[in-house]
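> One structure coming up, written as structure tokens, with questions to follow.
The values are calculated or read from the model by the stated rules, or taken from the named source; none is laboratory data. It should be emphasised that the depicted structure is a prediction, and the values quoted were computed from it without experimental measurement. Counting neighbours? That spans all protein chains shown, and the Cβs are built from the backbone with ideal geometry, glycine included.
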Amino acid sequence: MLNVVVCVSGGGTNLQAIIDGVEKGTIRNTRITGVISNNAGAYALKRAEKAGIPAFCVSPKNFESREAFNRAFLDQLEALKPDLIVLAGFLVILPEKMIEVYRDRIINIHPSLIPSFCGTGYYGLKVHEAALARGVKVTGATVHYVDEGTDTGRILLQKAVEVLEGDTPELLQRRVMEQAEWIILPQAIDQIAAAKG
Ligand code: GRF
């Protein structure tokens, strides 16, 4: 059984794809042991609660220092005993210690075909704005392992999505989510769970 903790900051549609995948059995041998958000208002937390999954908010705003937040965040993670940590739209700089402790056990979903449109400053709609500004005809999403860099870890899965005439960043973001993110993130977790045995 693969114990998974999902870290979120926003709407949680990727989290929902994981929840649905576990429930439908397309993600095998996996249990979501908890969801952690840095944002108390994240709808993702409501999605977790609806699915009966323990949901926690650990926000830097609630701590005197970054070190105190990092410690609390790591303590919460540890308590959930994750085999795998999934960053699904998690907009927090990870504590270095977390990368060390969970090396090769943290994956992230990025809404472009890395190495395009990634790295510092490329998140959410900004990624799609850059893709449209460059005029690419194909974009997509990437699941990669997380290391000390930003979007620099080993690539696990990618899926291409066509850019259409008249696309706005919002239209493109939705298509990348529907046609790529919500497919390859559950797929990656299922593959990792299968490899764990
Ligand atoms: C998605 O676009 C994902 O690619 C990016 O952040 C967004 C999260 O969306 N990492 P949601 O919270 O999963 O709906």
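> If a residue must be touching a strand residue (DSSP E or B) at 6+ places or on another chain (Cβ under 9 Å) and part of a loop (DSSP other than H, G, I, E, B), how many such residues does segment 51-70 contain?
Qualifying residue count for the region: 5.
> Further question on the same structure: Whether any residue in segment 57-80 is on the phi > 0 side of the Ramachandran plot and more than 14 Å from the ligand (Cβ to nearest atom) is what I want to check.
No, segment 57-80 contains no residue that is on the phi > 0 side of the Ramachandran plot and more than 14 Å from the ligand (Cβ to nearest atom).
> Within segment 55-81, which residues are in contact (Cβ under 8 Å) with a residue 24 or more places away in the chain, crowded, with 16+ Cβ neighbours inside 10 Å and under 13 Å from ILE32 (Cα atoms)?
Listed by number, the residues that qualify are LEU77, LEU80.
> Only one of these is within 11 Å of the ligand (Cβ to nearest atom), surrounded by 17 or more Cβ atoms within 10 Å (Cβ to Cβ), small (Gly, Ala, Ser) and closer than 24 Å to GLY11 by Cα: ALA130, ALA141. Name it.
One residue alone meets the criteria, ALA141.
> What tally of residues in segment 1-38 results from selecting those that are within 12 Å of the ligand (Cβ to nearest atom), part of a strand (DSSP E or B) and surrounded by fewer than 21 Cβ atoms within 10 Å (Cβ to Cβ)?
Total meeting the criteria: 0.
> Which condition from (1) crowded, with 17+ Cβ neighbours inside 10 Å; (2) within 16 Å of the ligand (Cβ to nearest atom) is the one that GLY41 breaks?
(1)
> Looking at segment 82-108, which of the residues that are touching a strand residue (DSSP E or B) at 6+ places or on another chain (Cβ under 7 Å) and over 22 Å from PRO60 (Cβ atoms) is surrounded by the most Cβ atoms within 10 Å (Cβ to Cβ)?
ILE107
> Quick check on my filter: what residues within segment 84-110 are away from the ligand (no atom under 16 Å from the Cβ), part of a loop (DSSP other than H, G, I, E, B) and at pLDDT below 95?
PRO95
> Is it true that some residue in segment 154-171 is in contact (Cβ under 8 Å) with a residue 60 or more places away in the chain, among the aliphatic types (A, V, I, L, M) and over 23 Å from MET98 (Cα atoms)?
no
> Considering only segment 147-158, state which residues are of a type in the set (A, V, I, L, M, F, W, C) and either out of contact with any helix residue (DSSP H, G or I) (no Cβ under 7 Å at 6 or more places or on another chain) or within 12 Å of the ligand (Cβ to nearest atom) (or both).
ILE155
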